[in-house]
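Below: one structure, written as structure tokens.
The values are calculated or read from the model by the stated rules, or taken from the named source; none is laboratory data. None of the values given here were measured: they were computed from a predicted structure. When we count neighbours, we look across all protein chains shown, and the Cβ atoms used for this are built from the backbone with ideal geometry, even at glycine. The protein model used for the area step is the full one, side chains on, heavy atoms only, and it has no ligands, DNA or RNA in it. Shrake-Rupley method; radii C 1.70, N 1.55, O 1.52, S 1.80 Å.
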Amino acid sequence: MQMNGKHHTARNVLLLQLLVLLGSGALLAGEVAVDPSGNGADIREDTTEDTDSRSSEVTVAVENMVRPDYSHVPTIPLADAVAAADGIAEPLTLLGATVPPGMARRISWSATELFEGVPVSTPVLVVNGVLPGPTLCMTAAVHGDELNGIEMVRRVMHDLEPLKVSGAVIGIPIVNLQGFRRGSRYLPDRRDLNRYFPGNPDGSAAARIAYSFFNEVVSNCDALIDLHTGSFERANLPQIRADLRDPDVLTLTQGFGSMVILHSTPTAGTLRHAATQAGIPTVTLEAGGPSQLELNEVKLGVKGIETLINTLGMVRKTRLWGDPEPVYYRSSWVRADNGGILLADVSLGGTVRKGDLLGTITDPMNNARTELRSPYSGRIIGMARNQVVMPGFAAFHVGIETDEAPADLAEDAVLGNKASDSTGYVDGMSE
Ligand SMILES: [Zn+2]
């Protein structure tokens, strides 16, 4: 775009060189170096314990990550990008395709690492506005079983009129296409793609896919919204998770209207962490649970994203959200102390007072019943679906409203939350 055209031009040259290399088969030798360590089976049980075998895998992944060899430092703050731009937009070049100003196109991204040796092509939707401005990106289904974001991307992209947009919007509805086809959170080798960003061209299959996606697509963004749902039979109230200590990220959160905002330090290896490190302010939008299309959650998410596009000045419309004030929360998970059948007494979005009954856990063998009560007054911002749980299972996520952006609050430190282990990695609790 106008604001960093030189930057993009240089990268596009590199991209072309990479594509030429790919075309010549120079990198094909790497494609057989897949580590089939998993049997492809999904892990459906709660794996939030510290002893999760993937924790060590994550540590390895973090060690092997390469720093992106560029620093994406926009000269103009995102919030001022439209106002500061003048003239007409430049053509947007991405993945070897060129999208002229005022046009929408569907192009595709193929990871350089393929499991079956057959190219897997992922659609990339691009709207290049007729006027200059920032490039806002949306990624969905980095976890292949998280469906709500796919529909959010579709709705937002098809609602945009290129002739009325300042800047560009890039939407990738299904990043983890292979997981999506199998209805799985993971890649076929059981790895969680969202623990491998920004990736490594010489690493595991997951690291290579992450590297390709990060460098060929994400590096073109000025800001990013990564769309997720709860995992392992848990659902989240539509909410933004963001590192509020980062001023650019904080600014981004203020554009979503009356959305719940949760301070959350990004886990290493997540797209949110890697992109923010590379100078691309990124937030996670969580809405609903996996393996379902939930229309209310989709609508709320779309409303938040379209409000942001308005707030950034990329589309001139009336405000979508009546009260544009974000609502900031601290949070704590309430865990089951006993195993058994979990039945909730509260619903997502409901308010609770300290001591209120959240749910019961009944031992199916001896009929012994225990109660889960809220240690705080607050709002249910995430919860498990009714299911059989093991002791330690994180069942209810209670949000506690705060007066202002809790920039200094580490959620775990403040609330004595035991959800995180020493590495900050808790599968299923982070995006
Ligand atoms: Zn996810």
statement: A 1.4 Å probe over the protein heavy atoms gives the range 252-306 a carbon and sulfur accessible-area percentage of 50
- prompt: In a shell of Cβ-Cβ distance under 11 Å around H228, excluding H228 itself, what net charge do Lys and Arg (+1) and Asp and Glu (-1) give?
  reply: -2
task: With only Lys, Arg, Asp and Glu charged, each at its Cβ (+1 for the first two, -1 for the last two), find how big the charge dipole of the range 241-316 is about the Cα centre; round to the nearest 20 debye.
output: 120
- request: Lys and Arg at +1, Asp and Glu at -1: add these up for the other residues within a Cβ distance under 15 Å of L78 and post the number.
  value: -4
task: Could you calculate the FRET efficiency of E161 with M365 from 1/(1 + (r/R0)^6), where r is the beta carbon distance between them and R0 is 56 Å, rounded to 0.05?
output: 0.40
query: Tell me, what is the per residue accessible area of the range 74-199 in Å², probe radius 1.4 Å?
result: 34
message: Show me the ranking of peptides 206-215, 336-345, 306-315 by mean Cβ neighbours inside 10 Å, starting with the highest.
response: 206-215, 306-315, 336-345
message: Modelling each spin label as a point 7 Å along the Cα-to-Cβ direction, I'd like the L293/A84 distance in nm, to one decimal.
response: 4.0
message: What's the magnitude of the charge dipole for the range 126-210 around its Cα centre, counting Lys and Arg as +1 and Asp and Glu as -1 at the beta-carbon? Answer in Debye, nearest 20.
response: 180
task: Specify which residue in the list A235, I305, A368 is farthest towards the positive end of the charge dipole of the range 235-390, using unit charges on the beta carbon of Lys, Arg (+1) and Asp, Glu (-1), about the Cα centre.
output: I305
task: With a 10 Å radius around each residue's Cβ, average the other Cβ atoms per peptide and rank 250-260, 79-89, highest first.
output: 250-260, 79-89
field: Mean-position separation - Cα centroids, the range 337-394 and the range 219-298, in angstrom
entry: 26
task: Once you have the Cα-Cα distance between V130 and A97, take 0.36 nm times their residue separation minus that, and quote the gain in nm to one decimal.
output: 10.2 nm
- prompt: Simple spin-label model, 7 Å along Cα-to-Cβ: K354 to R105 in nm?
  reply: 5.9
statement: Most packed first (mean Cβ within 10 Å per residue), the peptides 171-184, 98-111, 133-146 order as 133-146, 171-184, 98-111
query: Cβ under 11 Å from P134's Cβ, P134 left aside: what net charge do those residues give with Lys, Arg +1 and Asp, Glu -1?
result: -2
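Quick check: residue separation of D345 and M390 times 0.36 nm, minus the Cα distance between them. What number comes out in nm?
14.4 nm
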field: Accessible surface, the range 250-337, averaged per residue in Å² (probe 1.4 Å)
entry: 34
